[in-house]
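Here the structure is laid out as C-alpha cells; the discussion comes afterwards.
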Amino acid sequence: MMSVCHPAQPGPWAAAAMIAAIVLSSTAGEVLTAAAMKSIGDLDEIRARRGMAGAIRAVLTCPLFFPGVGFLAVAFFALLFALNHLDLSLVAPASASLTLVTNAIAGKLFLKENVDRRRWTAAVLVCIGVYLLAH
Amino acid sequence: MAHSRLTPWQCLILAQVAICAPLGDTCLSRGMAHIPAITLAHPLSLITAVFTPWIALGIALLIGFFASYLTALSWADLTFVLPATAFGNVIVALFARFWLHEPISLERWAGIVLITVGVGFVARGPSLTEQPAPETEEEPVR
C-alpha cells in the first residue's frame, strides 16, 4: 500500500483537544458499561448456566449497555481521527493515562467502588509511567 | 457471585484484554498512516477507512478486546481492571518500537518499568468492592 504524505503535526492545543475528546467519551462509556456489567453479574457463571446465547442476551438486554457502547463508539472515532494526525506513541499512552485518572474518580463517585490507597498508588504509578511513555 | 481473588481463567481474560487492545491500536495506527489526512470537513471518510485491511483487522482485535473487557467488568471493579490491564501500554510501546520503528527513549523505558510496577501493585489487591445486593426487580443471577 502506498504511503501518504500528511501535513505537519497539529499544535499542542489541537492535540490536547483530540486527546480530551477521547478521554471524556471513553470515561462516560466505560463507567456506563461497568455499571451495566455489574448489574448483570458474573458473565462466566451466566454462560455456564445459560450458554453463550444466554450470556449475550443478558448483556444486550441491559438498559445501560447501549448508551455505554454509544460513548465508546464516539471514543473510537475520536481515536481514529487523532491517529490520523498524531503518533500512536503519543495518542495511546496520553489518552490511556488520563482515562485512568478520570475513571478512578468516576468509579468512586458513580460506581461506589472502593478506590483505596493501593489502587490510587497503582493509578498514579501507571499514570506517570504512561506519561513517560508519551514523552 | 464474583470473587475478590482471581482464578487462572480470570487472569487469562485480563491478559486477553491487555494484549488485544494494543495489537488492535497498532493495526489501526498502521492503517490510518496509509490513508490521506482526514479533516472535520469530510468526516464520512472515517467510515470508508473502516473497510481497509489493517483497520478491519484492528477492529476485529478490538472486538476480541471488548468481549474480554465486558467479561472482566462483570466480576471485577473498573478501577481494578484498568490498571491491571495497563500493561497493554508497554506492549504498544514495544510494537511502536519494533514494528512501526518509532524510537524509544530512556524516559519511555522508565515508563515501562513504572507501569509494570503499578500493575503488580494493583494485581495484589482485591479485584471487587464488596457491596450489599442491589435492590432490583430482576432475580439476581447466582
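Quick rundown of the values:
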item: Qualifying residue in the stretch A:92-99 (condition: more than 7 Å from chain B (Cβ to nearest Cβ), surrounded by fewer than 20 Cβ atoms within 10 Å (Cβ to Cβ) and either without any contact (Cβ under 8 Å) to a residue 60 or more places away in the chain or not in a helix (DSSP H, G or I) (or both)); result: no
item: Hits in the stretch B:67-89 (condition: free of Cβ contacts under 8 Å to residues at least 60 places away in the same chain and assigned to a helix (DSSP H, G or I)); result: B:A67, B:S68, B:Y69, B:L70, B:T71, B:L73, B:L78, B:T79, B:F80, B:L82, B:P83
item: Failed condition for A:F81, given (1) more than 7 Å from chain B (Cβ to nearest Cβ); (2) touching a residue at least 40 places away in the same chain (Cβ under 8 Å); (3) among the aromatic types (F, W, Y); result: (1)
item: Leading residue by the ranking (surrounded by the most Cβ atoms within 10 Å (Cβ to Cβ)) among those in the stretch A:56-77 that are facing chain B (nearest Cβ under 10 Å) and under 12 Å from the mean Cα position of the chain (by Cα); result: A:G68
item: Pairs, first facing chain B (nearest Cβ under 9 Å) in the stretch A:102-120, second charged (D, E, K, R), C-beta under 6 Å, six or more apart; result: A:N103/A:E30; A:G107/A:E113; A:E113/B:D77; A:V115/A:K108
item: Per-region count, the stretch A:32-46, residues within 17 Å of A:I105 (Cα to Cα) and facing chain B (nearest Cβ under 7 Å); result: 2
item: Scan of the stretch B:1-57 for residues that are closer than 22 Å to A:A94 by Cβ and surrounded by fewer than 15 Cβ atoms within 10 Å (Cβ to Cβ), ordered by number; result: B:A37, B:T39, B:L40
item: Only listed residue being more than 9 Å from every other protein chain (Cβ to nearest Cβ), within 23 Å of B:G64 (Cα to Cα), of a type outside the set (G, A, S) and in a loop (DSSP other than H, G, I, E, B), chosen from B:L6, B:L23; result: B:L6
item: Total residues in the stretch B:90-111, condition over 12 Å from the mean Cα position of the chain (by Cα), assigned to a helix (DSSP H, G or I) and either surrounded by fewer than 21 Cβ atoms within 10 Å (Cβ to Cβ) or on the phi > 0 side of the Ramachandran plot (or both); result: 7
item: Given (1) in contact with a helix residue (DSSP H, G or I) (Cβ under 6 Å, 6 or more places away or on another chain); (2) under 30 Å from A:L125 (Cα atoms); (3) crowded, with 20+ Cβ neighbours inside 10 Å, index of the condition A:I46 fails; result: (2)
item: Residue match in the stretch A:30-38 (condition: at pLDDT 85 or above, part of a helix (DSSP H, G or I) and among the acidic types (D, E)); result: yes
item: Qualifying positions in the stretch B:48-66 - part of a helix (DSSP H, G or I), over 17 Å from A:M37 (Cα atoms) and of a type in the set (A, V, I, L, M, F, W, C); result: B:A49, B:W54, B:I55, B:A56, B:L57, B:I59, B:A60, B:L61, B:L62
item: Residue list for the stretch A:103-127, filter: of a type in the set (V, I, T), closer than 24 Å to A:A78 by Cα and crowded, with 17+ Cβ neighbours inside 10 Å; result: A:V126
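For (1) farther than 19 Å from B:A86 by Cα; (2) out of contact with any Ser or Thr (no Cβ under 6 Å at 6 or more places or on another chain), each residue gets a yes or a no:
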site	(1), (2)
A:L43	yes, no
A:L60	yes, yes
A:F77	yes, yes
A:L80	yes, yes
A:H85	yes, yes
A:S97	no, yes
A:N103	no, no
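The values are calculated or read from the model by the stated rules, or taken from the named source; none is laboratory data. Note that the coordinates shown come from a computational prediction; the quantities given were computed from them, not determined experimentally. Reconstructed Cβ throughout: ideal geometry from the backbone, glycine too, with neighbour counts over all protein chains shown.
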